[in-house]
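Engineer: Handing you this structure, nothing more for now.
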Amino acid sequence: MSTTIARPPTRIARARVERLMWRAGFGAVPGDVDRLARAGMDVAVHELLFPRGPQLRKAPEPTVDGQPIDPVNVYGHDVLWWLDRMVRGRHQLVERMTLNWHDHFATSNEKVSDARLMQQQYFTIRSRSVGSFRKLAQAILRDHAMQRFLDLDNSDKDDPNENFAREFLELFTLGVNNGYTEQDIREAARALTGFTFNYDAKAFGYDSERHDDGVKKILGKTGRFTPNDVVNLAINHPKHAPYLCKKLWGYFTPRPCPPGTLKKMVAAYKTSGTQIRPVLQIILTHPALLADLGEPDQVKPPVVYVAGMLRKTNQVVTTDSWTWMLDNMGQRPFYPPNVSGWEQDEAWLTTASVRARYEAASQAVRAMEIKDGTIAKKQTPAQALSAALRMTGKPWTSAQSRAALSRYARTSVADKTADWQEEHYWPERLRVLCHMLLAGPDAQVS
Amino acid sequence: MLVNADEFLLNGSRRAGPSGRWRIQLRNNGEDLHDLGIRRADGRVIARMGIVDANGLGSVKVRLRPGTYRLFCGVADHEALGMWWQLIVRVPKVRTTAP
């Protein structure tokens, strides 16, 4: 009888899966990189695009000071609530796309002032995040947080508010100055009138008496258009599909989209009836996504960085510090800076935000509880580095970083011979190695 | 409970709740200074948070008995301009177990 022992995956196979899981999710949980590296990239992409089973992993629910979080009634807990969904989420692409659409359809609770409405918007987006864009846009039109944020509620035929119409054409469907005019915005605003909000009763509705049912001319078409018609007219416009596909591409790689690939994505989007999944499939299987694995070129957005750090170290949300830390890093979910969303890539790295990232890594290392007196003096430098790698989920590290970490592991305790020094400096070596793996340059990019 | 303040509205995360100890937070999303007071139906103010700066967060702990309360901003004429929120405090439901 022979026993088959699974071979460990190659370094390149692991690096590919790591890249994919960081770009299309929030980093892989320990064990998933090896499993998917053995299964192959096709399987990994398929699992992302067609997730099955429960939405959340079996892991403790989020707490603060040992108590369950209260996202509606306690300041900052709304952020923890979403962070937890990223950390424990099993449908990683769906969660990541929910964040991407939150950036695209940026809505801030700073103005909405109602965490319940923001949570509803999260679910509105999540359930449509990889499906039909047309349905997603129609749902966003009726989303109460969005209606409040862009003043669509109480936009009346006598005084149409142009905010939603402008952003819908400029940011959500066509792009700045891309195939529409100021007159189109004014006419679209007329077609979008009729939504109501009663502040005292906190009730949203639609009143046909307040809707402008006159004839409008929008994007070259004439008719008695309604709010849904505005969505359809914009999505049917020839400039919409290239704009949206290019924007989607940009969420996954900072490299320019090759013209041939853009054509392919546009064709897939149109023939599928504005489905997002076929476009994502093209992006996730494109060689550009896996190019230059040794020189990652996308800066991890702060919330991706934090959620991934917690996933890789097998932690869950147990402190409200994450809310202000994410704020200091420049990305607080539910609070984008403006309707254009967050600036991406290099904009994430400022002296202040990098410092906040270091503090976040310190928080994660503290939670590992590597206490003084817990590491035996016989631990070799190689064992220390190996333990740190294991405790941080074996993150990708460049050859240069590995050499630096090995050097530190060798030299940091070389002259620490007294008993009291052994108590402190051996665990300290492990803590520093973990910290450098979580906060060093390699950890900031994917 | 979280109350969001902006010029000139207060928006509470709850409209009603059980009597007992409450922690009420005020998040100032506006540009002006704001404050939070809690007034009983008989007109007596039972708690004041103190001024909260723009983008600031304030918090007050208070014991609330059953009744109707008005949460208000005590700065200048902000309450008259609409910065108030009504909160109803009820007797907590008592769980009964079958014999």
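Here, each number is a calculation from the coordinates, and none is a lab measurement. Quick caveat, the model's predicted, so the values are computed rather than measured. So basically every Cβ, Gly included, is an ideal-geometry build from the backbone, and we count neighbours across all protein chains shown.
Engineer: Could you give the longest part of chain A that holds none of the GluC sites (Glu not before Pro) found in DSSP loops with at most 14 neighbouring Cβ atoms within 10 Å?
Structural biologist: Counting only loop sites that pass the neighbour cut-off, the longest clear stretch is A:1-342.
Engineer: Give me a single rounded figure for A:66-75: the average over its residues of other chain Cβ atoms within 10 Å of their Cβ.
Structural biologist: Partner-chain Cβ atoms within 10 Å, mean over residues of A:66-75: 4.
Engineer: Could you give me D for the protein assembly as shown, from Stokes-Einstein at 4 °C and 1.567 mPa s, where the hydrodynamic radius is the Kirkwood radius over C-alpha pairs? Units µm² s⁻¹, please.
Structural biologist: So the translational diffusion coefficient is about 50 µm²/s.
Engineer: If you don't mind, there's one more thing I want to ask. If the viscosity is 1.306 mPa s and the temperature 10 °C, what Stokes-Einstein diffusion coefficient in µm²/s follows for segment A:20-83 when Rh is the Kirkwood radius over Cα pairs?
Structural biologist: Calculated translational D: 112 µm²/s.
Engineer: Here's a follow-up. When A:T411, A:T193 are ordered from fewest to most other Cβ atoms inside 10 Å of their Cβ, what list results?
Structural biologist: Least to most surrounded, the residues fall as A:T411, A:T193.
Engineer: Right, here's the next one. Starting from the Cα gyration tensor of segment A:40-138, take the square roots of the eigenvalues, sort them a ≥ b ≥ c, and report rounded, prolate or oblate (rounded when a/c is under 1.5, otherwise prolate if a/b is larger than b/c, else oblate).
Structural biologist: oblate
Engineer: Please arrange A:D419, A:D151 by counting, for each residue, the other beta carbons lying within 10 Å of its beta carbon, fewest first.
Structural biologist: A:D419, A:D151
Engineer: Could you name the lysines in cross-link range of A:K246, using Cα to Cα under 19 Å and dropping any fewer than eight places away on the same chain?
Structural biologist: A:K263, A:K264, A:K270
Engineer: Using 5 Å bins from zero, what percent of all Cα-Cα pairs in chain B falls into each bin?
Structural biologist: Binned Cα distances yield the sequence 3, 14, 25, 24, 15, 8, 4, 3, 2, 1, 1, 0.
Engineer: Among A:V317, A:V279, A:V43, which one moves the most in a GNM of chain A with springs linking Cα atoms closer than 10 Å?
Structural biologist: Maximum among the listed residues: A:V43.
Engineer: Per q in 0.20, 0.21 Å⁻¹, report the Debye log10 I(q)/I(0) for segment A:301-442, using one uniform scatterer on each alpha carbon and no solvent.
Structural biologist: Log10 of I(q)/I(0), two decimals: -1.18, -1.26.
Engineer: Right, next: Taking A:K377 as the anchor, which lysines have their alpha carbon closer than 24 Å to its alpha carbon, excluding any fewer than eight residues away along the same chain?
Structural biologist: A:K394, A:K416
Engineer: Under unit Cβ charges (Lys, Arg +1; Asp, Glu -1), what dipole magnitude, rounded to 20 debye, does segment B:28-99 have relative to its Cα centre?
Structural biologist: Dipole magnitude for segment B:28-99 comes out near 840 debye.
Engineer: Helix-only estimate, please: 222 nm mean residue ellipticity of chain A, summing -39500 (n - 2.57) across DSSP H runs of length 4 or more and dividing by its residues, to the nearest 500.
Structural biologist: Values: 21 runs with 230 residues, N = 446.
Value at 222 nm, helices only, nearest 500: -15500 deg cm²/dmol.
Engineer: Return the average number of partner chain Cβ atoms within 10 angstrom of each residue Cβ along peptide A:112-124.
Structural biologist: What the average comes to for A:112-124 is 2.
Engineer: Which of rounded, prolate or oblate describes segment A:155-279 when judged by the alpha-carbon gyration tensor and an a/c cut-off of 1.5?
Structural biologist: It comes out prolate by the Cα gyration axes.
Engineer: Hey, in the GNM for chain A with a 10 angstrom Cα cutoff, which one of A:H286, A:H104, A:H435 fluctuates hardest?
Structural biologist: A:H286
Engineer: Within 10 Å of each Cβ of B:19-26, how many other protein chain Cβ atoms are there on average?
Structural biologist: Counting other chains' Cβ atoms within 10 Å and averaging over B:19-26 gives 1.
Engineer: Straight-line reach from A:K217: which lysines fall under 22 Å, measuring Cα to Cα and dropping same-chain residues less than 8 apart?
Structural biologist: Partners found: A:K157, A:K239.
Engineer: Arranged from highest to lowest average of other beta-carbon atoms within 10 Å per residue, in what order do the peptides A:376-384, B:81-89, A:125-133 appear? Working shown, then result.
Structural biologist: On the way: A:376-384: 13.8, B:81-89: 17.1, A:125-133: 20.4.
Descending packing order for the listed peptides: A:125-133, B:81-89, A:376-384.
Engineer: State to the nearest 20 debye the size of the charge dipole of chain A about its Cα centre, where the only charges are +1 on K and R beta carbons and -1 on D and E beta carbons.
Structural biologist: 2160
Engineer: To continue, here is another question. Test of understanding: in a Gaussian network model of chain A with alpha carbons linked when under 10 Å, which of A:D156, A:D372, A:D78 would top the mean-square fluctuation ranking?
Structural biologist: Of the options given, A:D372 has the highest mean-square fluctuation.
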